[in-house]
1. Just going by the charge dipole of the chain, with Lys and Arg at +1 and Asp and Glu at -1 on Cβ, which of Val385, Ala76, Trp523 is farthest out on the positive end?
2. Report, in listed order, any pair from Lys102/Lys304; Lys94/Lys282; Lys33/Lys304; Lys156/Lys227; Lys453/Lys530 with a Cα-Cα distance greater than 27 Å.
3. Of the heavy-atom accessible surface of the chain (probe 1.4 angstrom), what whole percent is carbon and sulfur?
4. Which values of log₁₀ I(q)/I(0), to two decimal places, follow from the Debye formula for region 76-191 at q = 0.21, 0.24 Å⁻¹ with a uniform point scatterer at every Cα?
5. Counting Lys and Arg as +1 and Asp and Glu as -1, each charge on the Cβ, what is the dipole of region 496-644 about the Cα centre in debye, to the nearest 20?
6. Residues with beta-carbon under 15 Å from that of Glu328, excluding Glu328: net charge, scoring Lys, Arg +1 and Asp, Glu -1?
7. For the chain, what is the relative contact order in percent, using Cα pairs closer than 8 Å and at least 6 residues apart in sequence?
8. For region 486-535, just the Cα atoms, rotate onto the principal axes and tell me the three extents in Å, largest first.
Amino acid sequence: MTASSVRPVSEREARQVAEAAREQVWHKPSFAKELFLGRFRLDLIHPHPAPAPDDVRRGETFLAKLQEFCETRVDAARIEREARIPDETIKGLKELGALGMKIDTKYGGLGLTQVYYNKALALAGSVSPAIGALLSAHQSIGVPQPLKLFGTQEQKDRFLPRCARTDISAFLLTEPDVGSDPARLATTAVPDGDDYLLDGVKLWTTNGVVADLLVVMARVPRSEGHKGGITAFVVETASEGVTVENRNAFMGLRGLENGVTRLHRVRVPAANRIGPEGAGLKIALTTLNTGRLSLPAMCAGAGKWCLKIAREWSAAREQWGKPIAKHEAVGAKISFIAATTFALEAVIDLASQMADEDRNDIRIEAALAKLYGSEMAWLMADELVQIRGGRGYETAASLAARGERAVPAEQMLRDLRINRIFEGSTEIMHLLIAREAVDAHLSVAGDLIDPGKSLQDKGKAAAKAGGFYARWLPGLLAGPGQLPRAYPEFNPAGHPDLSPHLRYVERSARKLARSTFYAMSRWQGRMETKQGFLSRIVDIGAELFAMGAACVRAEMLRSRGDHGVAAYQLADAFCRQARIRAEELFGRLWTNTDELDRKVVSGVLSGTYEWLEHGVIDPSGDGPWIADASPGPTAEQNVHRPIH
């Protein structure tokens, strides 16, 4: 089966597959879900939840060991130069227990909380983003997390001790012609007695080049005794028929062990199947509910590094008689980096602690953290390059060669760029979050706007929707955000007043919900096609979530006597910046070029503007846009490189 001959899937069919995989019931409260419904539930995040003393002690002890290791045994310049993490570095991480940070101590892991796991990733990722990616891919989406959530006791006993100390794992979902649309998944797992035979090609397998264990998503055909559907399997990389055909190279993350993995009649015992047949996508999405937090954690770490370099460089570099930091054009960039770093750390720490407490459903919070963190970290790194000027564009090796400090600003920019694509691109995250944000509306009015439903179904839906909106809409008219003295605990003497920002969040949440309701009334079943509108709704929600997190974190630090005034200043600066962005987004909900853009796109695709491309030479090589992914035996050398 070639990539171009993958079974065609209609848009409706693809949506049905994605819908069936998502969690459709909310068993626990969600701060972000309530926010999109126009209800600012400050009580769900304030007072800021705190970790248990034993968790803090264990976490801080490991962080100290990890910091010493990173400072003394990681050569970041060598990783960038050789485009590979040295074997001895990976072995050292294994000895340190870094492979088992999230694995329970009874399986040989460290049993760190989500909070300290993320702090460790931020620390390791700051010295080398490739190391952060290695550790994250292994534990956040690799074998340990899905087994923790869905594995049998026998599977946990068999695989988790290996993952904790010796074996690296990878997650294999993407294929050459299948990205965020899993309905087109072509890799098959055909039942054969007590086993399955896996055939297919997987692309962009992070850790795949060095992995010992793989989580593979494959489609089981429906047959007698087999429900079929996309299913998850644990596969030994050393199994006959597993070939790593290529180690991929990228714009950044040069040490990333990412490859193309071919599976040809790979025999996998049924005992290695995670969950029932057909549960693969649900397992993947549930794993990502907290797994996505690792990426924004490293983004927050990147922000801290950007702030450090911006501070040191802009104080040392003088232009026109004063340090460049004193020039307003540069100072505004530094203020943005400082305030945004504070907010990113607030978002990731809050979401992580909520994950540890397990009192709230954080699927939207984690997705917002990933979306917001990846976008803002990229902007901060870009501003750092601008602050550094020509030195920001120059490589660290070149700077060192001519006697200057080897600051890898351009590398940071390249390394961070993938985060807007990793684990769900920004565009996909917008759609995923938007779907969750309008879930309450679709649950009561979905049949009403579904063209495939009968008049009888629409009648029932209308009655159900009428009751919901009769209760919900009046609550959007007024709230604490209109009371000038609301949230007084965020206005302590001697500190900037954060209470106006929380009142803004409360008012804006209601405005956001009203806008969503109006859009659904206006577009009904066509709402899902209005991706520009939905993206702006999500981006406004992200700003409001970050504002709430920043204010709550500032108050927590003040109450602990830990940089209280400074934290309030940073939260105040961030909220003022975020409010400007949110107001711009609100304006663009209804004043935009979405319709015109669609016409231009049609013209581009039809060749109407092809004349505009004349006068340049395309240096691209020959070859198909999408590589052939036909199943079968490999014709390539196996570049798998296990590290033991």
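1. Comparing the listed Cα positions along the dipole, Trp523 ranks first.
2. Details: Lys102/Lys304 24 Å; Lys94/Lys282 30 Å; Lys33/Lys304 29 Å; Lys156/Lys227 24 Å; Lys453/Lys530 21 Å.
Long pairs (Cα-Cα over 27 Å): Lys94/Lys282; Lys33/Lys304.
3. Working: 15850 of 28870 Å².
Heavy-atom surface of the chain belonging to carbon and sulfur, 1.4 Å probe: 55 percent.
4. Log-scaled intensity ratios, in q order: -1.14, -1.29.
5. 1080
6. Summing Lys/Arg as +1 and Asp/Glu as -1 gives +2.
7. On the way: 1057 pairs, mean separation 112.7, N = 644.
Reported relative contact order: 18 percent.
8. Sorted largest first, the three principal extents are 51, 17, 9 Å.
The values are calculated or read from the model by the stated rules, or taken from the named source; none is laboratory data. For clarity, every value in this text was computed on a predicted model and none was experimentally measured. FYI the Cβ positions are ideal-geometry reconstructions off the backbone, even for glycines, and counts take in every protein chain you see. All accessible areas refer to the heavy atoms of the entire protein, side chains included, with ligands and DNA or RNA removed. Shrake-Rupley method; radii C 1.70, N 1.55, O 1.52, S 1.80 Å.
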